[in-house]
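So the structure is just underneath, and the comments pick up after that.
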Amino acid sequence: MNIKDNVKFGEGIISGYTSVFLGILSFLGVFCFKYPEWLTTPEFRNVYTGESMKILLTAVIIASLFFGVISFIRSSKKKWALYGMAFCVLAIVLGGFDVSPRSVNITKVHLGLDWLILDLFLMAIIFVPIEIVFPKRKNQPTFHEEWKTDLVYFVVSHLLVQFFGVITQQPAKLFFGWMGLEGIQNFVQDQPVLIQLFFAFFISDLFQYWTHRIFHRHTFLWRFHSIHHSTENMDWLAGSRTHFVDIFVTRSMAFVPLYVLGFSTITFNIYVIFMAIHAVLIHSNTRINFGVLKYIFATPQYHHWHHCKDSEYYGKNFATIFPFIDRLFGTYYLPDNVWPEDTGLLEVDFPKGYVKQAVYPFTKSPFDNDLNMEEYSKSTR
Ligand SMILES: [Zn+2]
Ligand SMILES: [Zn+2]
């Protein structure tokens, strides 16, 4: 098997990290039970039950302790095992084995800590093993030099899920809310779910495609989107690195057709869940290529080309879901089994860290064009 170079099985290292990861999640999970009004999201609470989360919390604490013990026995570095078990003990002392789910009053503001914990847990258990067993870049460590920055992006976007949800819906409501849309929305909701799903994905991807392309084309906008392209290490966390202006504009635009057409709740929920998982998948460091499906849906190979560092390939593969949209507009690039050699930007002085990257796009004159991809592309060819 062609597993990652830096992963050593049987030395207690992986179990140590697993123990810390699960220990921290269970420690945070206890707070969701203690202060659900402030730390959990009403939409997400409708999806799970308090009882099932209680069982999950107990299982995660036990798993963390288990991995902690394994690591303590096997590893020469005992500190990860000790950290992991320390978080477990804290979770237990705070009442982790004895939480009581209860009905929750709706509050005006809340953080999406439940969404953060569950999505991080799920994405990590799906994608970390995939990246270890089927890596694209074998020598890229799981904990590369910027993983903490990417994690901060992930944490911020999940904790502020209510804020981002509300602000990205405003433009659609403002511009189209006054129209009588019931007729068209009833017609759309009467269609079979599969038809609705196709149109939800297709039309929102069309909107997303052009927004994305304009972000690349326009110098001022590019400075915000370039943050997303600054990652040198493509992996499951890298896709989270998106400037908040980029998130606001892109999601607002993709939401317009969803809002106007008013798809059924089930269609909308499938859309949201698929997009969340798919966005992580296309950035992940895996060589899995999905056979002929790669010509129908955007895959890691497809999106990695969009992140290619070589300026020759800038401006390809803007679509998020459907490659045929790129074919339609002449920006498609997917060679058989060839992958880009490097991902990232030629910009050498790109700032590192969440706060610096949040400020960076505002610090340059809107009239300079030193980050324009097309200029770049011509000058370096
Ligand atoms: Zn882009
Ligand atoms: Zn990307």
*What relative contact order, as a whole-number percentage, does the chain give when Cα pairs under 8 Å and 6 or more residues apart are counted?*
17
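Just need the relative contact order of region 13-133 here, percent rounded to a whole number, with Cα pairs under 8 Å and 6+ apart.
44
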*asked:* Give me the dipole magnitude in Debye, nearest 20, for the chain about the Cα centre, with unit charges on the beta carbon: positive for Lys and Arg, negative for Asp and Glu.
replied: 620
*Where does the charge balance sit around Tyr35 when Lys and Arg score +1, Asp and Glu -1, over other residues with C-beta under 14 Å from its C-beta?*
+1
_Between region 79-118 and region 267-345, what is the separation of their alpha carbon centroids in Å?_
36
*Reachable aspartates and glutamates, given that their alpha-carbon falls under 14 Å from the alpha-carbon of Lys79 and they are not under 8 places away in the same chain*: Glu11
*Counting residues in region 162-380 as N, plug N into 2.2 N^0.38 Å and put the Cα Rg over that result.*
1.05
*Starting from the amide H of Thr343, placed 1.01 Å from N in the peptide plane, find each other amide H under 5 Å away whose residue is 5 or more places distant or on another chain.*
Lys309
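Do any of Lys138/Lys356; Lys8/Lys136; Lys148/Lys352 go past 21 Å between their Cα atoms, and which? List each step's numbers first, then the result.
Values: Lys138/Lys356 30 Å; Lys8/Lys136 17 Å; Lys148/Lys352 10 Å.
With Cα atoms farther than 21 Å apart: Lys138/Lys356.
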*Area projected by the alpha carbon convex hull of the chain, averaged over all directions, nm²*: 21.2
*P(r) histogram, all alpha-carbon pairs of region 13-133 included - 10 Å bins from 0, percent*: 14, 42, 31, 12, 2
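Values in this text are rule-based calculations from the coordinates and carry no lab data. Predicted model only: the values in this text are computed from it and were never measured. All Cβ positions, even for glycine, are placed from backbone atoms using ideal geometry, and neighbour counts span all protein chains on display.
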